[in-house]
């Protein structure tokens, strides 16, 4: 049997890139069907196939790394680069929405009353729930650092406790934000204020949900002894993503909630 | 799937139960990470190619060419030693630092060969990969 003489991982053929592409096609065409032809079938199917693809693809990555040992140091380095590049691309994604917000709010048009917040908009008080949300996310940043140190120090119980608290804080943020959305005196249809507010905070909320899901997967893996004290990149990637989510919130809070009121 | 979820629930319940009596069992503390703090070490749990790389590194070996190749003087007396699993290997010589033109050539088993551009000596060292 031929053995490789390099430390890289030549991945076995996999159907998930194809199913992922199919899901993307179904979701995009499904969106058009929903907008114009009053049918959510295609979009729902696309969403389902996307979720199945993600579950099975990442399950395979875990099998290859944790159970088969393919994640040698060079491979891990590549995964690190990959995660950093992905988070960087997400940073630019949010920069776009901040650009839109500042474009509209620094020079408010006459249609808005020449002021920001626009005439008729009662913004949320930044020192009420939004401030609590800031504290919640900052605290979750502390607890995830606690998790990492416990993991490196081979303390299983504290790793699990700290990671659980981090996840609970993330879920608490989501619940608070959902309540804020329900109770807000303005909607996404309320001019450019509503658009910038709900698109920016909405995408952030989606990223909080994604990050929380990533952390829950890490918790399950930690309980099942996947991570070692020196090799736990899945957790590190989740932690990087979580810190990114926290930083985006801080910018949102200062720009939209605080300065923007 | 459902059985896996039940197992996780069982594991979580076991975690919530406080440890009975003193936190550590009496007797000598084992050196293993899993038994001591509950989180395994790579020594206990690494497998496959990752384990092979780890064990080779501990012995000071690099059979999978992860590290930069060793630099030799490149003279007749001290040629660049090039490990290979077969009887020939491609060499890319960067004659001077920052040269963008890499000199590629096949290095064969036997007598040391010289780079056609800078004359550095290279000698193939055939060896078998551990498996």
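Just so it is clear, none of the values below were taken in a lab; they were calculated from the coordinates. The model shown is predicted, which means the values in this text are computed figures rather than measured ones. Don't worry about glycine lacking a Cβ; one is built from the backbone with ideal geometry, like all the others, and counts go over all protein chains shown.
Over all residues in A:228-234, what is the mean tally of Cβ atoms on other chains that come within 10 Å of each residue's Cβ? Could the numbers behind the result be given before it?
Details: counts 10, 10, 7, 7, 1, 0, 0.
The per-residue average across the peptide is 5.
Hey, got the average number of other protein chain Cβ atoms within 10 angstrom for residues in A:64-75?
Values: counts 1, 2, 5, 2, 4, 10, 4, 4, 10, 7, 4, 3.
Partner-chain Cβ atoms within 10 Å, mean over residues of A:64-75: 5.
Given the C-alpha centroids of region B:55-77 and region A:68-135, what is the distance between them in whole angstrom?
Centre-to-centre distance over Cα atoms comes out at 46 Å.
Between residue A:210 and residue A:95, what is the label-point separation in nm under the 7 Å Cα-to-beta-carbon projection?
1.7
Shielding of A:129-137 by partners, i.e. mean partner chain Cβ atoms within 10 Å per residue? Don't skip to the end; give the middle numbers.
Details: counts 0, 0, 0, 0, 0, 0, 0, 0, 0.
Shielding by partners across A:129-137 averages 0.
Please grab the % of Cα pairs in region A:111-202 that end up more than 18 Å from each other. Walk me through the numbers on the way to the answer.
Values: 2392 of 4186 pairs.
Cα-Cα pairs of region A:111-202 separated by over 18 Å account for 57 percent.
Let's test this: bin the Cα-Cα distances of region A:71-258 at 10 Å from zero up to the farthest pair and state each bin's percent.
Reading upward from the zero bin: 9, 33, 30, 17, 9, 3, 0.
How large is the helix-only mean residue ellipticity at 222 nm for chain A, computed as the sum of -39500 (n - 2.57) over DSSP H runs with n ≥ 4, divided by its residue count, in deg cm²/dmol to the nearest 500?
Numbers: 7 runs with 183 residues, N = 261.
Only helices count here, giving -25000 deg cm²/dmol.
Roughly what % of Cα-Cα distances in the protein assembly as shown sit above 26 Å, to the whole percent?
Numbers: 52127 of 76636 pairs.
When every Cα pair of the protein assembly as shown is considered, 68 percent fall beyond 26 Å.
Compute the FRET efficiency between residue A:77 and residue A:3 as 1/(1 + (r/R0)^6), taking r as their Cβ-Cβ distance and R0 = 35 Å, and round to the nearest 0.05.
Working: r = 22 Å, r/R0 = 0.62.
Efficiency for this residue pair is about 0.95.
Find the eigenvalues of the gyration tensor of the Cα atoms of region A:1-70, then list the square roots of 5 times those eigenvalues as equivalent ellipsoid semi-axes, largest first, in whole angstrom.
Values: eigenvalues 263, 25, 10 Å².
Listed largest to smallest, the semi-axes of region A:1-70 are 36, 11, 7 Å.
Give the percent of DSSP beta bridges with both residues in the protein assembly as shown that are antiparallel, rounded to the nearest 5.
Details: 9 of 14 bridges.
Here the share of antiparallel DSSP bridges comes out near 65 percent.
7 Å from Cα along Cα→Cβ at both residue A:11 and residue B:68: what's the point-to-point distance in nm?
Each label point lies 7 Å from its Cα, and together they span 3.1 nm.
What order do you get for A:151-163, A:54-66 when each peptide is scored by the mean count of other beta carbon atoms within 10 Å, highest first? Please list the in-between numbers first.
Numbers: A:151-163: 19.7, A:54-66: 15.6.
My ranking of the peptides, most packed first, is A:151-163, A:54-66.
For residue B:85 and residue B:56, FRET efficiency with R0 = 22 Å and r from the beta-carbon atoms, rounded to 0.05? Mind showing how you got there, number by number?
Numbers: r = 14 Å, r/R0 = 0.65.
After rounding, the FRET efficiency stands at 0.95.
In region A:189-257, what is the volume of the convex hull around the alpha carbon atoms, normalised per residue and reported in Å³? Before the final figure, lay out the partial values.
Working: hull volume 5.1 nm³, N = 69.
Expressed per residue, the convex hull around the Cα atoms of region A:189-257 is 74 Å³.
Could you give the radius of gyration (one decimal) and Dmax (whole number) of the Cα atoms in region A:12-145, in Å?
22.0, 63
For the residue pair residue A:60 and residue A:40, what label-to-label distance in nm results when each label sits 7 Å from Cα along the Cα-to-beta-carbon direction?
It is 3.1 nm.
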